[in-house]
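Inspection log for the structure reproduced underneath, given as structure tokens.
The values are calculated or read from the model by the stated rules, or taken from the named source; none is laboratory data. Quick caveat: nothing in here was measured; it's all calculated off a predicted structure. For neighbour counting, all protein chains shown are included, and Cβ atoms are generated from backbone atoms with ideal geometry for every residue, glycine included.
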Amino acid sequence: MAITLEAPEATVRRQSVTLCVLVGAGVVVGWVLYRHYWSDDVYQRIVQWDWFAGHFWAVTLLVAVVLSVPYAIVLLVWGRGLTRGVAGATAALGAGSFIWAWDRVFSNYIWDAGHQSHTSLRVYLWGSLLVTATLVPLAWGLARRSGRRWPLGLVAGPVVAAILRELQLRWSWWQQHVLLFGQQPHWQIQAVVFMAPFVVAVLACWAIEARGRRTPQMESSGSATPRRG
């Protein structure tokens, strides 16, 4: 099933590549800084409301909401049209909701029920890793991309995430020099590793969309050229 939110060519806003790169970089850096410096403070301020005292499920949901709402707001504003912006923002909130729901399912029905095992832990970790690596760039794609082929680029997200996780688990050099096991970790390096699958997938979707736009133009210009012969 193809994912496409088409709009008439005249209504699609075309920004320069430089502007798009600057906004994309600003979103990445801004979210990383927000997560490291301010998200905990936002969470602590909200969780002090009396209503949360009797609703523990909402406390865990709040963690996901605090992290996903800024991304959703950006996509709502930066989306190419209201429909795409709303679709992207909804997918961003869906990514946060998935993290919460995935954790609740395993906590309530597997681990609290006494079914904790090495396999269940691996399913939990890999599921949250791969699905999140797909949903986050999907949200950006719904807000910004057009055409039918760009969703193919989403595969890059879970692939890169899986490679980085395997490096973390199996390569001692990576553990010692990148993740700095046994030392004081650099949060900047951890942020780069965390964000890499999202960024690569977004760029892959953009490249596929750009290639799809050029191909019809090349074909039409070629057909308009008189044959010499």
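Within region 117-132, identify whether any single residue is surrounded by 15 or more Cβ atoms within 10 Å (Cβ to Cβ), touching a Pro at 6+ places or on another chain (Cβ under 7 Å) and in contact (Cβ under 8 Å) with a residue 40 or more places away in the chain, and answer yes or no. Talk me through it step by step, then tell me what you get.
Our first condition is that a residue be surrounded by 15 or more Cβ atoms within 10 Å (Cβ to Cβ); within region 117-132, this holds for 124, 128-132.
If we keep only those that are touching a Pro at 6+ places or on another chain (Cβ under 7 Å) too, we end up with 130.
So of that shortlist, the ones also in contact (Cβ under 8 Å) with a residue 40 or more places away in the chain come out as none.
No, the conditions are met nowhere in region 117-132.
Looking at residue 91, is it at pLDDT 95 or above and touching a Leu at 6+ places or on another chain (Cβ under 6 Å)? Explain how you work it out, then say what you get.
On the way: at pLDDT 95 or above: yes; touching a Leu at 6+ places or on another chain (Cβ under 6 Å): yes.
So residue 91 passes the test.
Considering only region 37-112, give the helices (runs of 4 or more DSSP H) lying wholly within it that have at least 3 residues that are under 19 Å from residue 131 (Cα atoms) and without any contact (Cβ under 8 Å) to a residue 24 or more places away in the chain.
Output list reads 82-106.
Please work out which one of (1) of a type in the set (Phe, Trp, Tyr); (2) modelled with pLDDT under 90; (3) surrounded by 12 or more Cβ atoms within 10 Å (Cβ to Cβ) is the condition residue 51 fails and give its number.
Of everything listed in (1) of a type in the set (Phe, Trp, Tyr); (2) modelled with pLDDT under 90; (3) surrounded by 12 or more Cβ atoms within 10 Å (Cβ to Cβ), residue 51 misses just condition (3).
Do we find that residue 146 is modelled with pLDDT of 90 or more and outside any helix (DSSP H, G or I) in this structure? Show your work before the answer.
Values: modelled with pLDDT of 90 or more: yes; outside any helix (DSSP H, G or I): yes.
It is true that residue 146 is modelled with pLDDT of 90 or more and outside any helix (DSSP H, G or I).
Which condition does residue 158 not pass, out of (1) in contact with a helix residue (DSSP H, G or I) (Cβ under 6 Å, 6 or more places away or on another chain); (2) surrounded by fewer than 19 Cβ atoms within 10 Å (Cβ to Cβ), if it passes all the others?
Condition (2) is where residue 158 drops out.
At pLDDT below 75 and either surrounded by 12 or more Cβ atoms within 10 Å (Cβ to Cβ) or not in a helix (DSSP H, G or I) (or both) - does that describe any residue in region 202-211?
Taking every residue of region 202-211 in turn, none turns out to be at pLDDT below 75 and either surrounded by 12 or more Cβ atoms within 10 Å (Cβ to Cβ) or not in a helix (DSSP H, G or I) (or both).
Exactly one condition in (1) of a type outside the set (Asp, Glu); (2) surrounded by 15 or more Cβ atoms within 10 Å (Cβ to Cβ); (3) in contact (Cβ under 8 Å) with a residue 60 or more places away in the chain; (4) more than 25 Å from residue 75 (Cα to Cα) is not met by residue 137; state its number.
Going through (1) of a type outside the set (Asp, Glu); (2) surrounded by 15 or more Cβ atoms within 10 Å (Cβ to Cβ); (3) in contact (Cβ under 8 Å) with a residue 60 or more places away in the chain; (4) more than 25 Å from residue 75 (Cα to Cα) one by one, residue 137 breaks only (4).
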